[in-house]
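Trainee: Sharing a structure with you now.
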There are 4 protein chains.
Amino acid sequence: MKHPNNPIGICSWTLGLDHDPAALAAECADLGLDGLQYSGDHRAGPTAAEIRRALDDHGLKLLGLDPYYGASAEPAQTSREGAIDYYRRVIDFAAELECPRVALQGLGSWVRHETDADTARARLVEYCNTLGTHAHDAGMDLVYEAINRYESPVVRTAAAARRLRDDVTEAKLGLVLDSFHMNIEETDPEDALETHGDALAGYHIADSNRGGIGVGHIDFGAQRRVLDRIGFAGPIMIEIVLPENGPATPPVDDDQWAALRRQVRYSLDFWRMNG
Amino acid sequence: MKHPNNPIGICSWTLGLDHDPAALAAECADLGLDGLQYSGDHRAGPTAAEIRRALDDHGLKLLGLDPYYGASAEPAQTSREGAIDYYRRVIDFAAELECPRVALQGLGSWVRHETDADTARARLVEYCNTLGTHAHDAGMDLVYEAINRYESPVVRTAAAARRLRDDVTEAKLGLVLDSFHMNIEETDPEDALETHGDALAGYHIADSNRGGIGVGHIDFGAQRRVLDRIGFAGPIMIEIVLPENGPATPPVDDDQWAALRRQVRYSLDFWRMNG
Amino acid sequence: MKHPNNPIGICSWTLGLDHDPAALAAECADLGLDGLQYSGDHRAGPTAAEIRRALDDHGLKLLGLDPYYGASAEPAQTSREGAIDYYRRVIDFAAELECPRVALQGLGSWVRHETDADTARARLVEYCNTLGTHAHDAGMDLVYEAINRYESPVVRTAAAARRLRDDVTEAKLGLVLDSFHMNIEETDPEDALETHGDALAGYHIADSNRGGIGVGHIDFGAQRRVLDRIGFAGPIMIEIVLPENGPATPPVDDDQWAALRRQVRYSLDFWRMNG
Amino acid sequence: MKHPNNPIGICSWTLGLDHDPAALAAECADLGLDGLQYSGDHRAGPTAAEIRRALDDHGLKLLGLDPYYGASAEPAQTSREGAIDYYRRVIDFAAELECPRVALQGLGSWVRHETDADTARARLVEYCNTLGTHAHDAGMDLVYEAINRYESPVVRTAAAARRLRDDVTEAKLGLVLDSFHMNIEETDPEDALETHGDALAGYHIADSNRGGIGVGHIDFGAQRRVLDRIGFAGPIMIEIVLPENGPATPPVDDDQWAALRRQVRYSLDFWRMNG
């Protein structure tokens, strides 16, 4: 079976270099990646032009925008207007970056403080519809990633993300599934990939302890076989955190940089060679 | 191979009944459990006498005390004195309850705000030593559970818990390993159980999505075989949260109660019958 | 997800009662099965009428015919004429039994002595084509099971069975996949079920050591989820041999009968209840 | 955890070169192996001196002798005298080869025709005792490998091999466990390795379909972790058959030689690098 030539990138936040596009792009090129999903936003410092230039200098693809800083922790700030306004600007920023897609699951944190799950979900659908119209005008695709219970109050499984996709009428949300999150939330990750393969728009790689392939216990061979079989051709993102740095700290010293690079490279090799 | 007759209980917080010992004990007895690990503390409402009486009325064993409310979220409140004072009272409360052991991993949240991991860990060792002396005087055993990255800033793997045990000189900390946490943190959960089996003082059951056995993808047969082989005779605690309620919400309506009870009973049957 | 109401039977040879249809049918009914795949042939003793009556007496379905005695061990006897003649009679016997299908993988033993694999395979295709015409006239479906290397010299994987199906023009061979054989021959049994699901006509249950579900290490939950997802509605056959009796000895004393019955019943419960 | 420096060899029969020691040794050296287990016997052609010289020329260790041709298929030939006489010569031949150990599981085929399992097993114990005395005089170690149901009528699991070891008084039989056979016979291969680790004298590598590591579905990382943990320092043998050649055919053309070599090298790398 031949594996489609998926572009393979990295979630930029795992490198902690979002503030320095030149360093970020140099690192990604050096790691042998095809591109990246940018985790900064319009407020993060670098301008779209600076980011674009850094990527072009290294021949890297911008595969998506998923603003890591999007969530607002303060209940008082999580207004409908705040959510819509923030993500409209994210979509505009993505358009300026000539980025093909924006990830919306950060919206989960903007409904965290709703009194019950049904209200939270109804709000989420409404936000996605409103943003869907805006994204359509901007020619931007929208995706939604199912993330684990500790990182999102809603939409944690592939089935929940599928229901959200079904309920949102103003956009065709693509689903993103992530091996690390699926290990926590799915009864059967391969089953989730297969069942929702027709709506799958992205796949993220991290082992069960968020290290690179082989550092934990996920059967990546099995997940890869499902993706091959369903002919998944979308972007694949490596999203590794050294297990000792969990949940979300980039490398802090030279040893950790060496370890992270080794894990990224091995994961990339594993994925490309098992074709 | 014969399975030792481990007492099997439940972590009481999963039922949301810590405030009502009579209801809690009735529920545990009805579920067919041998006992429970109490998650309330001295401030939670019921007195030691009320709790003791409820347990005795139903012939239940008190298998441990692990105060769910122990953590302090406010950095300003996480003083050394606050930590020591709180856990000394917990130990005294456990003694009053005639409870054999207290779990200390809640201390993790009291060192969360240290500036670096080494300082946090040194503090933790010092706290455990100080409390070890107090526990020794009270005839109380101390245990420490490795819990996942989202629930503790330190000591997330069996190996880290083992190092803590080695560093603490004033108490012989027993290790507690939990199938749900191990699925996230351990490269190989069976290997962790086997390697640290000599120090193992407790085992907690929850599937990969924190549901009952079979709701996720953990191989409980394999973990049970390791525990059998090493002759583990300590208490086993069922600690189930309905996946849709994750991370930590007890059942909210009759349907959820029915589902949780079914999952607890199936888990109990699975464990006892595969003996 | 709802599981289709697959008829569940047993491969009769595992009970050693093919010579006594009344005892065989009584046993199957007592085990709670819907029916059976008969492993005797026209030479085995009981007449079609005797077998039919026994099945009808207990309301059992005849789900297929797979003559266990079909293979000829003697090279001198494995002529083309011998093979065709034998299986034509098997098909006629099945028609007399009002049985809906005949399994052809026993043909493998009739090409065992060919000098090379290509010749053996070409012969097999030719035999299947010839028998396909005969089966068509008799209104009989033909199936082919991929069986492990020790039991067949050819067509051991799902992919090989699929190629055979593609090459045979005079019949639409249904594929039968068996969990025990797949554990030996397939890189990824779930992948095999999924990939060839559109041609799947039967599924056999035995654990990795040919005991009942749970006696070995096969993940039957995962296989069941694939069958559910692809909507497999065909017959499922339990084909258990006590591991101490491997490869193929039916129970020899009361203790073994008790053990086999327990394993059949547990397997049946597991399959039906996880619906 | 550090992996002991196990010598890694190959079971020579998988290469089909037992008749040509010079070619065999050259191949093994080229594959990067430390040595081999020879599968020829005293009747196979090459003399001990020829074999010894070929090994010395390439600096290879002779890790054991397990005569592939030892079994006698004809009931009439399987006399007690035949068995004892054959294996005495094998032991003498091993001594002449300065080989440290002889594998006895081929004896299984010499008791195949006993009327019942108890008699077969009693015979086996008696043969092992008689040969144990002879081996002791020759300074030769004896080992016994648990092999699957299709290859041996008796002693197919680690537990059965352990009982045999316990019953044999005139030799301390070392146990050999093989990943391919365990996948068929053991409920839990890691459990078998761990439980019988104290008696383990050898470990064989082949994936579930007898291909190299990664070609099937065995979790070699898990098995390796058990061997590391128990400090297994004995010889490890790679015993690969291309799945399309199963059960036991060496490569037949250049493509197959290339495939087999690739699988051997990858297996060797996997094992050594995951140290």
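Trainee: If you average the alpha carbon positions of the range C:174-199 and of the range B:135-193, how far apart do those two centres end up, in angstrom?
Mentor: 42
Trainee: Another question, then. Got the residue B:117 label distances to the other copies yet, label 7 Å along Cα→Cβ, in nm, shortest first?
Mentor: Nearest to farthest, the other copies are at 3.4, 5.0, 5.2 nm.
Trainee: Taking chain D as a Gaussian network, where each spring joins two C-alpha atoms under 10 Å apart, which residue of D:223, D:37, D:256 fluctuates the most?
Mentor: Of D:223, D:37, D:256, the Gaussian network model singles out D:256 as fluctuating most.
Trainee: Now a separate question. Computing the accessible area with a 1.4 Å probe over protein heavy atoms, can you report the carbon and sulfur percentage for the range A:8-273?
Mentor: Working: 4670 of 9780 Å².
Carbon and sulfur: 48 percent of the exposed surface of the range A:8-273.
Trainee: Taking the rotation axis that maps chain B onto chain A, which residue of B brings its Cβ closest to that axis, and at what distance in whole Å?
Mentor: Rotation axis B onto A, closest Cβ, rounded to whole Å: B:150, 2.
Trainee: Quick check: net charge around residue C:165, other residues with Cβ under 11 Å of its Cβ, Lys/Arg +1 and Asp/Glu -1? Kindly include the intermediate steps, with their values, before the conclusion.
Mentor: Working: positive: C:162, C:163, C:172; negative: C:166, C:167, C:198.
Result for the local shell: 0.
Trainee: Using a Gaussian network model on chain A with a 10 Å cutoff between Cα atoms, which of A:153, A:247, A:67 fluctuates the most?
Mentor: Of A:153, A:247, A:67, the most mobile in the Gaussian network model is A:247.
Trainee: Sticking with this one: According to the square roots a ≥ b ≥ c of the eigenvalues of the Cα gyration tensor, what is the shape class of the range D:79-208, taking rounded for a/c under 1.5, prolate for a/b larger than b/c otherwise, and oblate for the remainder?
Mentor: It is oblate, given that a/c is not under 1.5 and a/b is not larger than b/c.
Trainee: Say a label goes 7 Å from Cα toward Cβ at residue D:255 in every copy; what distances in nm does this one have to the rest, shortest first?
Mentor: 5.0, 5.2, 5.7
Trainee: While we're on this one: Just the accessible area per residue of the protein assembly as shown, please: how many Å² with a 1.4 Å probe? Walk me through the numbers before you get to the answer.
Mentor: Numbers: 41830 Å² over 1100 residues.
Counting only protein heavy atoms, the per-residue value for the protein assembly as shown is 38 Å².
Trainee: Counting only residues 5 or more places away or on other chains, whose amide H sits under 5 Å from the amide H of residue B:204 once H atoms are built in the peptide plane?
Mentor: Amide H neighbours of residue B:204: B:177, B:178, B:179, B:237.
Trainee: Please say if the protein assembly as shown is rounded, prolate or oblate, where rounded means a/c under 1.5 for a ≥ b ≥ c the square roots of the C-alpha gyration tensor eigenvalues, and otherwise the choice is prolate for a/b larger than b/c and oblate otherwise? Mind dumping the intermediate values first?
Mentor: Details: a/c = 1.56, a/b = 1.45, b/c = 1.08.
Because a/c hits 1.5 or more and a/b exceeds b/c, the protein assembly as shown counts as prolate.
Trainee: Which net charge results when you count Lys and Arg as +1 and Asp and Glu as -1 among the other residues whose beta-carbon is under 13 Å from that of residue C:139?
Mentor: -4
Trainee: Could you grab the relative contact order for the range B:1-145? Cα pairs under 8 Å, six or more apart, rounded to a whole percent.
Mentor: Details: 214 pairs, mean separation 29.9, N = 145.
Once normalised by length, the contact order is 21 percent.
Trainee: Hey, another quick one. Using only the alpha carbons of the range A:8-273, what is the convex hull's orientation-averaged projected area in square nanometres?
Mentor: Computed as one quarter of the Cα hull surface, the answer is 13.1 nm².
Trainee: Oh, and also: Give the relative contact order (percent, whole number) for chain A; include only Cα pairs under 8 Å separated by 6+ residues. All intermediate terms of the calculation are to be shown ahead of the outcome.
Mentor: On the way: 509 pairs, mean separation 50.5, N = 275.
Reported as a whole number, the value is 18 percent.
Trainee: So, one more: Label-point separation (nm) for residue B:80 and residue B:169, each offset 7 Å from Cα along Cα-to-Cβ?
Mentor: Going from the residue B:80 label point to the residue B:169 one covers 1.6 nm.
Trainee: When the accessible area of each residue in the range D:183-231 is compared between its chain alone and the complete protein assembly (1.4 Å probe; ligands, DNA and RNA ignored), which residues differ by at least 40 Å², being lower in the assembly?
Mentor: With the partner chains in place, the range D:183-231 has these residues losing at least 40 Å²: D:183, D:184, D:187, D:188, D:191, D:194, D:209, D:217, D:225, D:229.
Trainee: Extent of the range D:1-68 along each principal axis, from alpha carbon coordinates, in Å, largest to smallest?
Mentor: Computed over the Cα atoms, the extents are 44, 23, 18 Å.
Trainee: Right, another one. At a probe of 1.4 Å, how much accessible area disappears from chains A and C on forming the pair, both sides counted, to the nearest 100 Å²? Display every interim value, and only then the final one.
Mentor: On the way: alone 11780 and 11750 Å², together 22760 Å².
By this definition, chains A and C bury close to 800 Å².
Trainee: Place the label 7 angstrom along Cα→C-beta at residue C:50 and in each other copy, then list the distances from the first to the rest in nm, shortest first.
Mentor: 6.0, 7.6, 9.1
Trainee: Another question about this same structure. Pull out a ≥ b ≥ c, the square roots of the eigenvalues of the alpha-carbon gyration tensor of the range D:174-275, then state rounded if a/c is under 1.5, prolate if not and a/b is larger than b/c, and oblate in the remaining case. Intermediate values should be presented prior to the final figure.
Mentor: Details: a/c = 2.17, a/b = 1.71, b/c = 1.27.
Prolate, since a/c reaches 1.5 and a/b exceeds b/c.
Trainee: Right, here's the next one. Taking chain B as a Gaussian network, where each spring joins two C-alpha atoms under 10 Å apart, which residue of B:217, B:19, B:42 fluctuates the most?
Mentor: Evaluated over chain B, the most mobile residue of the options is B:217.
Trainee: Let me ask you something else. State the antiparallel share, in %, of DSSP beta bridges confined to the protein assembly as shown, rounding to the nearest 5. Walk me through the numbers on the way to the answer.
Mentor: Numbers: 0 of 96 bridges.
Roughly 0 percent of the DSSP beta bridges within the protein assembly as shown come out antiparallel.
The values are calculated or read from the model by the stated rules, or taken from the named source; none is laboratory data. This is a predicted model, so every value here is computed, not measured. We place every Cβ from the backbone using ideal geometry, glycine too, and count neighbours over all the protein chains shown. Accessible surface is based on the protein model in full, side chains and every heavy atom, while ligands, DNA and RNA are left aside. Shrake-Rupley method; radii C 1.70, N 1.55, O 1.52, S 1.80 Å.
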